[in-house]
Each structure stands twice: as C-alpha cells, then as structure tokens.
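**Student:** Pasting in a structure now, in structure tokens, and then I'll have a few things to ask.
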Amino acid sequence: MRRGSWRIRILIGLAIVAFAFIRRCSNQEENPYTGRTQNINMTAEQEIAIGLQSAPEMAQQHGGLYPDQRMQALVDAVGNKLVQSSVARETPYQYEFHLLADDRTINAFALPGGQIFITYALFSQLNEPQLAGVLGHEIGHVIGRHSAERIAESNFWQTLATGASVGGDMGSVVAGIGQNTLLKNGRGDELESDELGVLFMIQSGYDPNEMITVMEVLKAAAGPDRVPEFQSTHPDPENRIEKIKEAIEKYSGR
Ligand SMILES: [Zn+2]
C-alpha cells in the first residue's frame, strides 16, 4: 500500500512539473518594443493596475513626496520629454514621475505599468542630462516589462517547487535554483535598461556620456552614511560602464 501511494505522489509531482513547463511555453511572447522574447502572464492593463496600487505605499516608505513643486516639475518635464521623444510614447503604459522626500537613500525605481520614482538624495546629485539618464533607465524597466517577467518567472519556480516537493524531497533544491535565476535575470534587466536609457537620452537630445557620470555618482554614493540600496540591486558599475559605452557607440549617429 505504501509503495502505491509513493507512486501516486511521483505522478502528481510530475504532472505539476509538466504543467509548469507547458504554461511557461504558452506564456512566451515577443516584446514589441525591445524585440526580446519573454515569459509574461499578465496584460499591460494588469501591469498598470499593480503599479498604481503599489505607488502610494512606495512613496510612504521613502517619507512621501518631495514638498517643493518646482523640483517635481523639473522631474516631470525631463520624464515627459523622454517619453515623447521615444518608443515609450507608443506603449499603453501611463508614465508618472515621482520625486520622493527621502534625502538619505540613493535610489530610483520603477513599478510595472509606468510609475517611476527617484529619491531626493539621488536627484540632488544630478544635473538635467544625468536625471534624464536615470529616468530613461527606469522607463527602460517599464518597457522591458521586467517586473512582469520576474513575477511570471517566480510563479514558474513556485509551481515547479510544489511539484518537486509533492514528488519527493527536491523542493528546497529547486527553490534554490529559482532564486539564482531571479538574480541573474535582474542583472540582465539592468543592462537592458541602461541600453534603453542611452537610446532615449540620444533621442531626447541629451548627451548619453552623462550616463557614465551617473554610474560614477552611484559608485561614490556607497559611503559610510549612505544606504547603497541602488547599488545592491544593480550590477557592478564598472561592468555597466563598459556596456553603456557600447550602447553609445551603437546608437550615436543614427
Ligand atoms: Zn535599474
């Protein structure tokens, strides 16, 4: 009897694993703005809804919005210029640029669907072209659908881990692989966003070499009294600078 139930468990486990792979294949689609094939299991409308829902909480975590409307207006102007001059204009996403009051954490980030944030700590260290570089990079995360891709990937590994743990004791092993895969994708996301950021800078009339200065600002920001949050989620700045130089060469003169 016990051997029989063990076999059933293996079969159910295999069925769940097969389901995960089949769903992954059926979720493959080509991103019309980057040309890259991705695993996505949500629509642009769902991405926008997730972003709008999470935005107030994100702002709250960074001390709310920065009170000076003139500074916010500058962020809006640069962000909108990037959107209007690039393929971002043709996407269904709703872009909103938020200047956060946080003057200690050097950070910028994007939620799916177009909600983009920059802390005052980072903003205050940048000139306008460098601000364009940071916002262009974040628009790149939105257009690259990186959050949606991460969610789909995480669902896939969760289903796989469930199947493996039903079938045997492999659950933790598979879960471990999943986490590594998520981190590796994160690095690729950053490099794709850097490249898109360079392209959007050029299309908006900004000097793309200022993106290299942004990397230097981020590198210098990792001091003792600053939280290097941006760096902890981003690949080594030296590596990024090499790739940014390649992107400048690729897109300049177009
Ligand atoms: Zn990034």
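**Student:** May I ask you to give the percent of accessible area on region 43-83 that is carbon plus sulfur, with a probe radius of 1.4 Å?
**Tutor:** Percent of accessible area from carbon and sulfur atoms in region 43-83: 58.
**Student:** I need the phi-derived Karplus couplings for region 188-205: 6.51 cos²θ - 1.76 cosθ + 1.60, θ = phi - 60°, integer Hz, Gly and Pro marked x.
**Tutor:** Taking θ as phi minus 60°, the curve returns x, 4, 5, 5, 5, 5, 4, 5, 5, x, 4, 4, 5, 4, 4, 5, 9, x Hz for region 188-205.
**Student:** Another one. Please list Arg24, Arg70 in order of solvent-accessible area, largest first, computed with a 1.4 Å probe with all protein chains present.
**Tutor:** Largest accessible area first, the residues go Arg70, Arg24.
**Student:** Taking θ as phi - 60°, what are the ³J(HN,Hα) couplings along region 83-95 by the Karplus curve (6.51, -1.76, 1.60), each to the nearest whole Hz, with x for Gly and Pro?
**Tutor:** For region 83-95, the Karplus curve yields 5, 5, 8, 10, 5, 4, 4, 8, 7, x, 6, 9, 8 Hz.
**Student:** Please work out the ratio of the alpha-carbon Rg of region 119-167 to 2.2 N^0.38 Å and round it to two decimals. List each step's numbers first, then the result.
**Tutor:** Values: Rg = 18.1 Å, N = 49, 2.2 N^0.38 = 9.7 Å.
So the Cα radius of gyration is 1.88 times the expected 2.2 N^0.38 Å.
**Student:** Next question, about the same structure. Kindly give the semi-axes, whole Å and largest first, of the ellipsoid equivalent to region 1-136, taking each as the square root of 5 times a Cα gyration tensor eigenvalue.
**Tutor:** 42, 20, 12
**Student:** Heavy-atom accessible area per residue, region 18-110, 1.4 Å probe: how many Å²?
**Tutor:** Values: 5190 Å² over 93 residues.
Per residue, region 18-110 has 56 Å² of solvent-accessible surface.
**Student:** Lys and Arg at +1, Asp and Glu at -1: add these up for the other residues within a Cβ distance under 15 Å of Pro92 and post the number.
**Tutor:** -3
**Student:** What figure in square angstrom, to the nearest 10, would you give for the accessible area of Arg7 with a 1.4 Å probe?
**Tutor:** Rounded to the nearest 10, that gives 150 Å².
**Student:** Quick one: how many Å² of Lys245 are accessible to a 1.4 Å probe, rounded to 10?
**Tutor:** About 100 Å², rounded to the nearest 10.
The values are calculated or read from the model by the stated rules, or taken from the named source; none is laboratory data. Note that the structure is predicted; figures quoted are calculated from it, not measured. Please note: Cβ atoms are built from the backbone with ideal geometry, for glycine as well, and neighbour counts cover all protein chains shown. When the accessible area is computed, the model is the full protein with side chains, heavy atoms only, and any ligands, DNA or RNA have been set aside. Shrake-Rupley method; radii C 1.70, N 1.55, O 1.52, S 1.80 Å.
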